[in-house]
Structure formats: structure tokens, C-alpha cells
1. Would you point out which residue out of ARG79, ARG48 is of a type in the set (Lys, Arg), more than 28 Å from VAL17 (Cβ to Cβ) and surrounded by 11 or more Cβ atoms within 10 Å (Cβ to Cβ)?
2. Taking the criterion of being more than 16 Å from SER8 (Cα to Cα) and hydroxyl-bearing (Ser, Thr, Tyr), would at least one residue in segment 51-58 satisfy it?
3. Within segment 54-63, how many residues are in a helix (DSSP H, G or I) and within 16 Å of the ligand (Cβ to nearest atom)?
4. Keeping to segment 1-18, report how many residues are more than 8 Å from the ligand (Cβ to nearest atom) and modelled with pLDDT of 95 or more.
5. Before we move on, is SER31 polar (S, T, N, Q), within 13 Å of the ligand (Cβ to nearest atom), more than 11 Å from ILE3 (Cα to Cα) and touching a strand residue (DSSP E or B) at 6+ places or on another chain (Cβ under 8 Å)?
6. Where residues in segment 24-42 are of a type in the set (A, V, I, L, M) and over 12 Å from VAL61 (Cβ atoms), which of them is modelled with the lowest pLDDT?
7. Just the residues that are without any contact (Cβ under 8 Å) to a residue 24 or more places away in the chain and over 14 Å from the mean Cα position of the chain (by Cα), please, taken from segment 19-40.
Amino acid sequence: MKIMYNPSTCNHYGVCVEEAQEVFSFAEDGSLLIQTYDIPANLEDKVRDACMMCPTQAIQVEELIQTYDIPANLEDKVRDACMMCPTQAIQVEEE
Ligand code: SF4
């Protein structure tokens, strides 16, 4: 299992640090430190909980994410759909 982290949506609430200190911590400057993106099996449940509890969905479990190539003529429509998705279940990953 891997995790994805989007620092632009992280509000540094620290829920992940409380849930899985083995993986998440804060640097002195307040930025989030992630020890490893490849989560060992014994920490998967903790990290999965941390991802589910993250209030901004800045951290996500990668196994839940599938990626698709979008043709150029549909990019604007798909981008709009992603922005309007109330659960952020679909997101654009710009190249
Ligand atoms: S719980 Fe989410 S928003 Fe809070 S510090 Fe962790 S990644 Fe950032």
C-alpha cells in the first residue's frame, strides 16, 4: 500500500500525526514529514485510518486510486467534473 500526499490541501491539523506517529510527524518549520510512502503491512490499518480522518483529504491511500488518461478535447470537462465532485473522489493529476 502506498500513500499520496497533496501539500497544497494540507492544513496541518495533525490528525495523521496523532493516528500514525510511525509515519507522520511535523518538522520544526511546521511542514508535514512523511517517513515513508511505502507503508509496511503492520502499519496499513493505522495509515488507512489516518487518511480517512484527514479533514482535507491531503493524504490518500493509493490502492483506492486508479488513473486514466484523458484526451485533450475532454480535459476541461473532466477538470470541471473533478472540481464539482463533492467528495473529491475524482481528481485531476496534471502532467
Ligand atoms: S491530517 Fe491531513 S490536513 Fe492534517 S496534517 Fe495530516 S495530511 Fe495535513
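The values are calculated or read from the model by the stated rules, or taken from the named source; none is laboratory data. All values derive from a computational prediction rather than experimental measurement. Note that we place each Cβ from the backbone using ideal geometry, even for glycine, and neighbour counts take in every protein chain shown.
1. Values: ARG48 fails: more than 28 Å from VAL17 (Cβ to Cβ).
None of the others qualify; the one that does is ARG79.
2. no
3. Looking only at segment 54-63, we keep the residues that are in a helix (DSSP H, G or I), and these are 62-63.
Add one more test, that the residue is within 16 Å of the ligand (Cβ to nearest atom), and what stays is 62.
Count: 1.
4. Counting residues in segment 1-18 that are more than 8 Å from the ligand (Cβ to nearest atom) and modelled with pLDDT of 95 or more gives 1.
5. Numbers: polar (S, T, N, Q): yes; within 13 Å of the ligand (Cβ to nearest atom): yes; more than 11 Å from ILE3 (Cα to Cα): yes; touching a strand residue (DSSP E or B) at 6+ places or on another chain (Cβ under 8 Å): no.
So SER31 does not fit the description; no.
6. First, the residues of segment 24-42 that are of a type in the set (A, V, I, L, M): 27, 32-34, 39, 41.
Filter once more, keeping what is over 12 Å from VAL61 (Cβ atoms): 27, 32-34, 41.
Values: ALA27: 95, LEU32: 96, LEU33: 96, ILE34: 96, ALA41: 88.
The selected residue is ALA41.
7. GLN21, SER25, PHE26, ALA27, GLU28, ASP29, GLY30, GLN35, PRO40
Residues checked against (1) among the aliphatic types (A, V, I, L, M); (2) at pLDDT below 95; (3) within 12 Å of the chain's Cα centre (by Cα); (4) not in a helix (DSSP H, G or I):
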residue	(1), (2), (3), (4)
GLU44	no, yes, no, no
ALA50	yes, no, yes, no
THR67	no, yes, no, yes
LEU74	yes, no, no, no
LYS77	no, no, no, no
ASP80	no, no, no, no
THR87	no, yes, no, yes
GLN91	no, yes, yes, yes
